[in-house]
Each structure stands twice: as structure tokens, then as C-alpha cells.
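The values are calculated or read from the model by the stated rules, or taken from the named source; none is laboratory data. Keep in mind it's a predicted model, so treat the numbers as computed, not measured. Because the Cβ atoms are built from the backbone with ideal geometry, glycine has one as well, and the counts that use them run over all protein chains shown. With ligands, DNA and RNA removed, areas are computed over all heavy atoms of the protein, side chains included. Shrake-Rupley method; radii C 1.70, N 1.55, O 1.52, S 1.80 Å.
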Amino acid sequence: MGVVNVTPDSFSDGGLNLDANDAAATARRMLEEGAAIVDVGGESTRPGAEPVSVDEELRRVVPVLERLDGEVPVSIDTSKAEVARRALGLGAELVNDVTALRSDPDLAAVVAEQDAYLCLMHMLGEPRTMQRDPRYGDVVAEVKAFLEERLAAAVAAGITEERICLDPGIGFGKTVEHNFELIRRLDELAALGRPVVVGFSRKSSLGKLLGDPDATTGTTAASVGAAVAAYERGATILRVHDVREHVEALTAAAAALR
Ligand code: HH2
């Protein structure tokens, strides 16, 4: 899954794809580089980010989806029912909701009515404050219980279980150690029986691991290492910014692990 952030402020690619033509070109390039789907988002959820209005989010993502014209498999990274509805109408097939259907009460019905795919992600708190001293007893057990509960809620709301994937939410209310423990024990999340999505790409825990306590991003090489480890522990979808490098590494890893 390639990442295209149509935002001025995303933590690693903010501003790069704010122009709809640039964003559409990036999405098409990612498809050529081997992405199976491209995740288009109009709202940054980086630590400290402020929410964006529905109108502004639509203004950012709709022109991109219009330019892609259904030719690129698209995931819409949104928590808003209206944005999801418009995106699905323009050909998007997956709704990636980092709030796991907890922020907009109308979103579940939109996904159910359109029979779209859905990604439910774990987050502790909200982006504005989530990195202020996050604590867990057992991070993996707590994330697993959360995802299990949100999966049941989504199914109860009429969404087909076979269309739902789950994501531990790397960096969303987690320390460096929490993030790596989630990858180390990813098989426990895969045991829920749904495909697991992992988005470690460029996240600050990678920069911190490599020795910079103030890092806000991580390198491509570190991202690839984390993605290969996640794949080995059962991840099905890797959400990444550097598609070519990840496709090459994962192709080799898949051949070696077969
Ligand atoms: N991470 C980000 C955004 N959306 N969705 C899922 N399912 N999993 C993730 O790990 C995930 C996500 C944050 O990364 P990015 O989109 O690059 O940055 P920003 O939120 O600043 O736009």
C-alpha cells in the first residue's frame, strides 16, 4: 500500500503532493513500482496534528481521485463519512479509518452500503495528545482486545467481516518499545483471523532506534527492515512511502521464506 498524503503538514511527505496533478502522478508511479493499492489522505494524523474540516479534506482529495479516474486501486485515509462516501463514489475501494469507526457515527453505514473494504486501526487517545507518555500493561493484549471489539462492532453495523483488515497503529499512542513489541508479537494479532496492516514507514521510532532521541522521521532502509520483519511475523499489507524499495525487499523476503 503506497501512501499519498495530499496535505501541507504530513510528517514525512507534507506538501509534496498538495497539488492534485502531483498527487495523481505519484499514485500512478507507485502502481508502476508494484503497489497493489494507494492510500490517499487529506488529513495529517501525525503527533500534534490539528483536525481538518470536511470541506477542506474534500477539497484536497476529490480532485486527486477524479484524476485517477478509477484506474488506480485507491484506499481513502479518512475518518469522515462524507469524505468516504465521495471517495467510494469516485472509485475508491477501501476506507482506512485510523479511529476504527469511533469518530464519525455515520461512517459504518457508508462502508456497509457500498460494501467497501475497511481498515480498523488502533490508536490510544487522539493525534493532538497521543504521544504524551502512552502506557499499557501489555500493549499487544490491549491492542488485540481493542481490534477484536472494533471488528465485532463493524460486523454488527453490517460490514462484511471478510472485507475488514486490522492495524496495530504503529506510532499512534505508543513508545518505541511498544511499536517494536507489536511487530515482535504480530502473530498474536494475526490470530484474530483478519489480514493485518502495518504502517511503520518513516515513523519516528525508527529514527529514535538509530540514536536520535528527537527524530520525527525514520530512514527508508530502517522502514524496509521493519516491513520485512512485520511480513515475516504475519503482516499482509505494508503501508509505505517508498514503494519500489519495499516491493524489492519484500519480493526477496517472500522468496527466501517460502
Ligand atoms: N499511519 C499514518 C496515517 N494513516 N493508516 C493506517 N492504517 N496505519 C498507519 O500506520 C497509518 C495510517 C501516519 O503516516 P502518514 O500518513 O505518512 O503521515 P500523516 O498522518 O502525518 O499524514
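To put it simply, the accessible area of segment 1-90 at a 1.4 Å probe is 47 percent carbon and sulfur. Using just its DSSP H runs of length 4 or more, each adding -39500 (n - 2.57), the chain gives a mean residue ellipticity at 222 nm of -13000 deg cm²/dmol after division by all residues. Rounded to the nearest 20 debye, the dipole size of segment 112-176 about its Cα centre is 360 debye, using +1 on the Cβ of Lys and Arg and -1 on the Cβ of Asp and Glu.
Beyond 13 Å, the tail of the calculated P(r) for segment 1-53 holds 54 percent of the Cα pairs.
In this structure segment 10-127 gives 41 Å² per residue of accessible area when probed at 1.4 Å with all protein chains present. If R0 equals 35 Å, the separation of the Cβ atoms of residue 56 and residue 256 corresponds to a calculated FRET efficiency of about 0.20.
Using the 1.4 Å probe convention, the accessible area of segment 144-198 works out to 37 Å² per residue with neighbouring protein chains retained.
Only Cα sites of segment 88-235 enter the Debye sum here, all with the same form factor; the resulting log10 I(q)/I(0) across q = 0.10, 0.13, 0.18, 0.20 1/Å is -0.35, -0.59, -1.06, -1.24, listed in q order. Considering only alpha-carbon pairs that sit under 8 angstrom and 6 or more positions apart, the relative contact order computed for segment 42-102 is 32 percent. Nonpolar atom fraction for segment 132-173, defined as the carbon and sulfur part of the 1.4 Å probe accessible area, stands at 48 percent.
From largest to smallest, the equivalent ellipsoid semi-axes obtained for segment 167-258 from the alpha-carbon gyration tensor read 20, 17, 10 Å.
In plain terms, if you count all Cα to Cα distances in segment 123-200 and split them into 10 Å steps from zero, the share in each step is 18, 51, 27, 4 percent.
Please work out whether segment 1-118 counts as rounded, prolate or oblate from its C-alpha gyration tensor, where a ≥ b ≥ c are the square roots of the eigenvalues and a/c under 1.5 means rounded, while otherwise a/b larger than b/c means prolate and anything else oblate? In terms of gyration-tensor shape, oblate. Per the Kirkwood formula applied to alpha carbons, segment 51-107 shows a radius of gyration over Rh ratio, Rg over Rh, of 0.95.
For segment 119-258, what does the relative contact order come out to in percent, with C-alpha contacts under 8 Å and a separation of six or more? Reported as a whole number, the value is 22 percent. Working note: Cα atoms of the chain, range along each principal axis, descending, whole Å: 40, 40, 38.
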